[in-house]
Amino acid sequence: MLELKHIDKTYNAGTVNEHELFHDFNLSIGEGEFVSVVGSNGSGKTSMLNVICGSIDIEKGSVLINGTDITNQKDFQRHRRIGRVFQDPAKGTCPSMNIVENLSIADNKGRRFGLSRGINRQRIDFYRETLAALGLGLENKMDIPVGSLSGGQRQALALIMATLTPIEFLILDEHTAALDPKTAELIMELTDRIVKEKKITTIMVTHNLRYAVSYGSRMLMMHQGNIILDKSGEEKEKLQVDDILNLFNEISIEVGN
């Protein structure tokens, strides 16, 4: 279980641009849940992910994984248990290195580096089989620099790299936003398959309301640092895109837009 307890986060504290985003923010995510998160820009979606991953500091509160307080852990320590895929495919891969080298880096996550070879040749067949299952032909491009791949291919690779080693949580930060519609559909199908096969607890921030409704077991809507909608199970299954759009319109009217 992932728990955020009594989180306070203020940006630019003590300046004219001071902005309190989170005040006594609380959230619990159960093991095996696939949670989609929507909300307007500035609602706190990505900041929430950054709090979980340790990318930003908080003034108050705690972050717990299965009862263990990780609030003071550095981001690289948390990433032994958390995989993250960003909106920009370049953030999840190393463009100057080939596919095998990228997968080897991911395969060694959390391990100590010595003087042994970085690439375990005995794992190459496993890498090839894993890539072949994607249906993108990447198994035939294993020696090609990742920077020469398409955005969709790189994002698929980033997703594989994030889940290659056993992790407890997968964080998806608008991971289809930079892709064309056809490629985005492919990446979402791949995401759903990996999450179900590996039974990974997943949090997906997305601006695509159809994805938020169609995928996952729970959906949250955020606004001004608060959760204003939380649906799971049968309630989520009954949700329609129009329901979410109507709520967005109500919020827009309330804030004077």
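Summary table below
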{"quantity": "Cα-centre dipole for the chain with unit charges at Cβ (Lys and Arg positive, Asp and Glu negative), debye to 20", "calculated": "1200"}
{"quantity": "Fraction of beta bridges assigned by DSSP in the chain that are antiparallel (%, nearest 5)", "calculated": "55"}
{"quantity": "For the range 71-77, 3J(HN,Hα) per residue [Karplus equation, 6.51 cos²θ - 1.76 cosθ + 1.60, θ = phi - 60°, Hz, x = Gly/Pro]", "calculated": "3, 9, 6, 6, 4, 5, 6"}
{"quantity": "Per-residue SASA entry for residue 180, accessible area with 1.4 Å probe, Å² rounded to 10", "calculated": "80"}
{"quantity": "Surface share of carbon and sulfur [accessible, 1.4 angstrom probe, percent] for the range 40-159", "calculated": "46"}
{"quantity": "³J(HN,Hα) computed for each position of the range 234-239 - Karplus, 6.51 cos²θ - 1.76 cosθ + 1.60, integer Hz, glycine/proline x", "calculated": "5, 4, 5, 4, 7, 5"}
{"quantity": "Distant-in-sequence amide H partners of residue 98 (H built 1.01 Å from N, under 5 Å)", "calculated": "146"}
{"quantity": "Solvent-accessible area of residue 11 with every protein chain in place, 1.4 Å probe, in Å² to the nearest 10", "calculated": "70"}
{"quantity": "Residue-by-residue Karplus 3J(HN,Hα) for the range 19-30, coefficients 6.51, -1.76, 1.60, Hz, glycine and proline x", "calculated": "9, 7, 8, 10, 9, 6, 7, 9, 7, 10, 10, x"}
{"quantity": "Burial order of peptide ranges 64-72, 1-9 (average beta-carbon count within 10 Å, highest first)", "calculated": "1-9, 64-72"}
{"quantity": "Rounded to 10°, Cα long-axis angle of helix 241-254 versus longest principal axis of the chain", "calculated": "50"}
{"quantity": "Between helix 151-162 and the chain: long-axis angle, C-alpha atoms, 0 to 90°, nearest 10", "calculated": "90"}
{"quantity": "Sparse-neighbourhood loop sites, trypsin sites (Lys or Arg not before Pro) in the range 100-201 - DSSP loop, at most 12 other Cβ within 10 angstrom", "calculated": "111, 112, 117, 199"}
{"quantity": "Cα centre as origin, Lys/Arg/Asp/Glu Cβ charges: the range 140-196 dipole, Debye", "calculated": "180"}
{"quantity": "Amide H contacts of residue 22 (H built 1.01 Å from N, under 5 Å, at least 5 apart or other chain)", "calculated": "9"}
{"quantity": "Nearest 10 degrees, 0 to 90: helix 181-198 Cα axis against the chain principal axis", "calculated": "80"}
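The values are calculated or read from the model by the stated rules, or taken from the named source; none is laboratory data. Just so it is clear, the model here is predicted, and its values are computed rather than measured. All Cβ positions, glycine included, derive from the backbone under ideal geometry; neighbour counts span all protein chains shown. Just the protein is used for accessible areas: all its heavy atoms, side chains included, with ligands, DNA and RNA removed. Shrake-Rupley method; radii C 1.70, N 1.55, O 1.52, S 1.80 Å.
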